[in-house]
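Here the structure comes first, spelled out in structure tokens, and everything after it is commentary.
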Amino acid sequence: MGSNRVYIVGASGQVGSALASTRGGREAVMLTSSDVDVRDERSVRDAFGGLARGDVVINTAAYTAVDAAETDREAAHAVNALGPAHLAAVTGASGARLIHLSTDYVFARDDAGSGDAPRPFEPGDVSGEPPTVYGATKLAGERAAREADPRTIVVRTAWVFTGGSADSDFVATMARLEAERDTLRVVDDQVGSPTYARDLAAGLWELAERCDGPNLRDGATLHATNAGTASWCDLARAVFVELGADPARVQACTTAEFPRPAPRPAYSVLSGASWAAAGLTPLRNWTLALHDAIAVRTRTLG
């Protein structure tokens, strides 16, 4: 059974904006941080006073500044851990359904995706504490939401991009730098699952419409990314190709050459098996999605 109303929390962010642009004729309530402060329990209760059984809340709000979170732990915890708990409390009390967006950063270094022969992560592979504050607070948010409302559906994604006109993500940044620099150095020893925000949004809409299905009735953890894998260097070179530029201008380097405050996972590919097993449409290959993202960027910038 589909939802009556869908509430999008974090509507001004990458995924929230994509949900707004792909909703078609669906009834949706778009909520930005000006409309509801997920950090504040009262603000959440007030914003969702009319929530009812059959409604769906999609939470895309997050503190995503991975490096800043290392020294801004309290702020990251408030949005990433307390926020989902507050939302789950109102969905649990009303009989509505919470779909909570999470991340590949919840995995620890020694989880199943690491080692000499890594494999894509399955939802149940979390076995330790993540090495970053961002990852730890997102994992805490998953657990807090599930504790407050066991029917919560957690959707983990990774490497989200829009390719927009601003430096909103990696793809957009690479597209800008292609016009500004002769060469770029990009790390080639981190491998993940690039995900186009519009494709993810389409998947979330499908999930919202089918979240009472037999495989999702009591809550689930799913992974949703575009198919295929890439390193950051692979993705940057693919951007150059789409722009008609020479991909050889993107030079490979190692993570050790560009240390960051928060350690990045060497391998964080997410398996799409759980998404398919839930009867949901698999997301297409990231290369096809990137082609569309760059086409939209080109049209937008003229």
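The values are calculated or read from the model by the stated rules, or taken from the named source; none is laboratory data. The structure displayed is predicted, hence computed values, not measured ones. With ideal geometry, Cβ positions are generated from the backbone for all residues, glycine too; neighbour counts draw on all protein chains shown. Quick note on the areas: whole protein, heavy atoms, side chains included, nothing else; ligands and nucleic acids left out. Shrake-Rupley method; radii C 1.70, N 1.55, O 1.52, S 1.80 Å.
Quick notes on this structure:
- Checking His223 against (1) over 14 Å from Leu288 (Cα atoms); (2) open to solvent by 40 Å² or more (accessible area, probe 1.4 Å); (3) in contact with a strand residue (DSSP E or B) (Cβ under 9 Å, 6 or more places away or on another chain), the condition it does not meet: (2)
- Against the list (1) farther than 27 Å from Val133 by Cα; (2) buried (at least 18 other Cβ atoms within 10 Å of the Cβ); (3) not small (Gly, Ala, Ser), the condition Glu209 fails is (2).
- Conditions (1) of a type outside the set (Gly, Ala, Ser); (2) closer than 22 Å to Leu235 by Cβ; (3) within 18 Å of the chain's Cα centre (by Cα); number of the one not met by Pro118: (3)
- Scanning region 236-283 for residues that are charged (D, E, K, R), loosely packed, with under 15 Cβ neighbours inside 10 Å and touching a residue at least 40 places away in the same chain (Cβ under 8 Å) returns Glu257, Arg260.
Matching residues to (1) open to solvent by 50 Å² or more (accessible area, probe 1.4 Å); (2) more than 21 Å from Leu207 (Cα to Cα); (3) at pLDDT below 95; (4) not in a loop (DSSP other than H, G, I, E, B):
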site	(1), (2), (3), (4)
Ala108	no, yes, yes, no
Ala117	yes, yes, yes, no
Thr137	no, yes, no, yes
Ala145	no, no, no, yes
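- If the condition is being closer than 13 Å to Thr60 by Cβ, modelled with pLDDT of 95 or more and not polar (S, T, N, Q), then region 21-39 contributes Met30, Leu31, Val36, Val38.
- Residues satisfying the stated conditions in region 7-26, i.e. outside any loop (DSSP other than H, G, I, E, B) and either basic (Lys, Arg) or buried (at least 17 other Cβ atoms within 10 Å of the Cβ) (or both): Tyr7, Ile8, Val9, Gln14, Val15, Gly16, Ser17, Ala18, Leu19
- Search result, residues across region 37-59 that are part of a loop (DSSP other than H, G, I, E, B), touching a residue at least 12 places away in the same chain (Cβ under 8 Å) and not charged (D, E, K, R): Val38, Phe48, Leu51, Ala52, Gly54
- Output for region 176-220, where each listed residue is out of contact with any strand residue (DSSP E or B) (no Cβ under 8 Å at 6 or more places or on another chain), modelled with pLDDT under 95, among the charged types (D, E, K, R) and outside any helix (DSSP H, G or I): Arg217, Asp218
- Condition met for Ala62 (surrounded by 19 or more Cβ atoms within 10 Å (Cβ to Cβ), hydrophobic (A, V, I, L, M, F, W, C) and not in a helix (DSSP H, G or I)): yes
- Matching entry among Ala179, Ala172, Ala158, Ala93 (being out of contact with any helix residue (DSSP H, G or I) (no Cβ under 8 Å at 6 or more places or on another chain), within 30 Å of Val296 (Cβ to Cβ) and of a type in the set (Gly, Ala, Ser)): Ala179
- If you filter region 155-164 down to residues that are under 15 Å from Ser12 (Cα atoms) and not in a strand (DSSP E or B), you find that the one that is least open to solvent (accessible area, probe 1.4 Å) is Gly164.
- Ala69 being in contact with a Lys or Arg (Cβ under 9 Å, 6 or more places away or on another chain) and at pLDDT 95 or above: no
- Whether a residue is small (Gly, Ala, Ser), over 30 Å from Gly95 (Cα atoms) and out of contact with any strand residue (DSSP E or B) (no Cβ under 9 Å at 6 or more places or on another chain) was assessed, and Ala252 does not pass this test.
Residue-wise test of (1) charged (D, E, K, R); (2) touching a Lys or Arg at 6+ places or on another chain (Cβ under 8 Å).
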position	(1), (2)
Asn4	no, no
Ile8	no, no
Ala18	no, yes
Glu74	yes, no
